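First comes the structure, then the notes that go with it.
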Amino acid sequence: MSLTSSLSVASRSMEIFSAGIQVAGNNISNATTPGYVREQLSLSSSYPSKRGSMIFGNGVTANGIRQQLDRFLEKRLQTANGDLEGAKARESIYKQLESTLQTFSDTSLSSEFGNLVNRIQDLVSQPESSASREIVVRQGVQFATAVQDLRSRIDDIRSAMGVKVNDLVGEANRLIDEIHNLNPKITALESAGLLQSDAGGLRNQRLAALSRLSEILPINTVDQPNGQVDVFLGSEHLVLVSSVHHLKTVAASDRGSAITNVQVAETNQPLTGTAGELNGIVHGRDQVLGGFLDRLDEYIGTTIFEFNKLHSSGQGLKGYDTLTSNHAVSDTTAALNATDLTFTPTHGSFDIKVLNKSTGISTTRTINVNLNGIGTQTTLASLAADLGGVPNVTATISTDRKLTLTAGAGYELQFANDTSGTLAALGLNSFFTGTDSASIGVNSQIVNDSRLFAAGLAGGGPGDGQNAARLAELIDRPIEGLGGISLDTYYDNMISSLAQASASESALTSGSQQYHDSLSSQRAQYSGVSLDEEMIDLLKFQRSYQISARVITTVDEMFDALLRI
């Protein structure tokens, strides 16, 4: 091997060791940079040369500067990101719902309905007391108001999530564009994969964008040989070569509340699954909050109907001069059980009493409700005709398909013995109005005149509290529509189920956090910067550089000796 070759090997070595110092220095300077991936100088022995019978090595060759990255681990971490953020979003929604419910306070719905029942129980022994009646009515209004307030707060939470959804969609689109713009820059800098070096700074930026995007959406990535990365959302692509798809928000209505849904803009495909912060919010809004509203509506709707069924068959201290049904039918000529009434009447009958206010004499007429599928079925039109046939009663149907009954001058109307549930289904002589937690209220006629509260049964007189006693027992009576359990038990089960689901979600979040932390720890060990290791590399390259410089000095001295000969 000639002195010139030795000089060349030493010179090239100094360049490479200098590069190694620069790589180590870059790692050290980025030791605290979030998401930074450690770089490593890849070295290999140069191709040897042959002179005579001897083969000489030609020193070291730098293959490139590569990131120390476990791509399989990165994909697992991206999946863990989505699972964790989705669980955290749902857990947060559970906590908001539990806080809103104030389950253990004196203003819970169970307490409010219990207070109404207690006030009705007080009325049983003194049904003629105007003060006791006023208290019952006010407590009924307070219960309805508490239900509406709870429903309003939950609706507000669901609607407010639209702001967060909009923010996340905007952030996701910015990240998609960033990844799309970085792809060709990385490809160009790395010469489409021909070089052995990674565009470390640009790849770190793209990796950080992918990491954040995986927290928002359950993405899947595919690395290409030319350095680009394709990004998929299920079967939809977000970034693919030169094509890019974005997300968009779509205004919608669900359970009477304005909400914001998310779709892929170019294909109108909705988000699916539960992973990712966006899915977590949407799932929590629609399934957690929406699911609770469904159960709340079932509880309140059943309470309204069962309470009204008893109330509509009772009588107050006075009757009605006129009253209009609270609920309209979709078709006045269709059978009452075939219309879109929320509460469905059944085959049976009810009594209407027409009281002469001057004489105190009343006449009773039984109105049959034929809904057994045999013969002519009762419609709103036929019911109005039957009621209109009662002396001193006028029955009309309004343009919005509601039934109005009016007593003749000097008369008033009362009801009794409704075995069909027709009065409650239509909302005649009912205490509550509405059909669910969003629409519940108290009959304004009863609010204005508590004497209309039906505490008694037919013929009982002013001191009759029999119907009030039946109403007071309603909270503990098994309800067929609730699977044979009472209203009180149903509400307790509803709150208990919520607490269990919230605890399960918290446990899932904790497990997802531990798994995520474990993967993050593995990534930090493999791809993170260890200052101790970098100092060792720095010293190693420094000493190698110094020795290579010494080789050049030695060769130079040998050249001087040769020239002096």
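The values are calculated or read from the model by the stated rules, or taken from the named source; none is laboratory data. Predicted model only: the values in this text are computed from it and were never measured. Here the Cβ positions follow ideal geometry from the backbone for every residue, glycine too, while neighbour counts run over all protein chains shown.
Values computed for the structure shown
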{"quantity": "Single residue of the range 454-498 satisfying the filter (under 41 Å from the mean Cα position of the chain (by Cα) and part of a loop (DSSP other than H, G, I, E, B)) that is nearest to LEU317 (Cα to Cα)", "calculated": "GLU473"}
{"quantity": "Residue list for the range 376-396, restricted to those being without any contact (Cβ under 8 Å) to a residue 40 or more places away in the chain, among the polar types (S, T, N, Q) and surrounded by 16 or more Cβ atoms within 10 Å (Cβ to Cβ)", "calculated": "SER382, ASN392"}
{"quantity": "Any hit, the range 148-160, residues being under 30 Å from GLY227 (Cβ atoms), in contact with a Lys or Arg (Cβ under 9 Å, 6 or more places away or on another chain) and surrounded by 17 or more Cβ atoms within 10 Å (Cβ to Cβ)", "calculated": "no"}
{"quantity": "Residue in the range 418-431 that is in contact with a helix residue (DSSP H, G or I) (Cβ under 9 Å, 6 or more places away or on another chain), surrounded by 16 or more Cβ atoms within 10 Å (Cβ to Cβ) and part of a strand (DSSP E or B) present", "calculated": "no"}
{"quantity": "One residue from ALA507, ALA472, ALA458, ALA499 being of a type in the set (Gly, Ala, Ser) and buried (at least 19 other Cβ atoms within 10 Å of the Cβ)", "calculated": "ALA472"}
{"quantity": "Selection within the range 432-453 - closer than 16 Å to GLY301 by Cβ, assigned to a loop (DSSP other than H, G, I, E, B) and in contact (Cβ under 8 Å) with a residue 60 or more places away in the chain", "calculated": "GLY434, THR435, ASP436, SER437, ALA438, ILE440"}
{"quantity": "Considering residues of the range 398-417 that are part of a loop (DSSP other than H, G, I, E, B) and within 42 Å of the chain's Cα centre (by Cα) only, the residue surrounded by the fewest Cβ atoms within 10 Å (Cβ to Cβ)", "calculated": "THR399"}
{"quantity": "Matching option when the condition is out of contact with any helix residue (DSSP H, G or I) (no Cβ under 7 Å at 6 or more places or on another chain) and modelled with pLDDT of 90 or more, among VAL229, VAL222, VAL239", "calculated": "VAL222"}
{"quantity": "LEU69 vs. criteria in contact with a Lys or Arg (Cβ under 9 Å, 6 or more places away or on another chain), on the phi < 0 side of the Ramachandran plot and not in a helix (DSSP H, G or I)", "calculated": "yes"}
{"quantity": "Neighbours by Cβ (under 6 Å, 6+ apart or cross-chain): first from the range 259-273, in a loop (DSSP other than H, G, I, E, B); second of a type in the set (Val, Ile, Thr) and modelled with pLDDT of 90 or more", "calculated": "LEU271/VAL262"}
{"quantity": "Within the range 342-370, considering residues that are crowded, with 20+ Cβ neighbours inside 10 Å and touching a His at 6+ places or on another chain (Cβ under 9 Å), the one modelled with the highest pLDDT", "calculated": "VAL369"}
{"quantity": "Any hit, the range 103-116, residues being assigned to a helix (DSSP H, G or I) and under 30 Å from LEU210 (Cα atoms)", "calculated": "no"}
{"quantity": "Residue under evaluation THR509, criteria (1) at pLDDT below 90; (2) of a type in the set (Val, Ile, Thr); (3) farther than 18 Å from ILE304 by Cβ, criterion not met", "calculated": "(1)"}
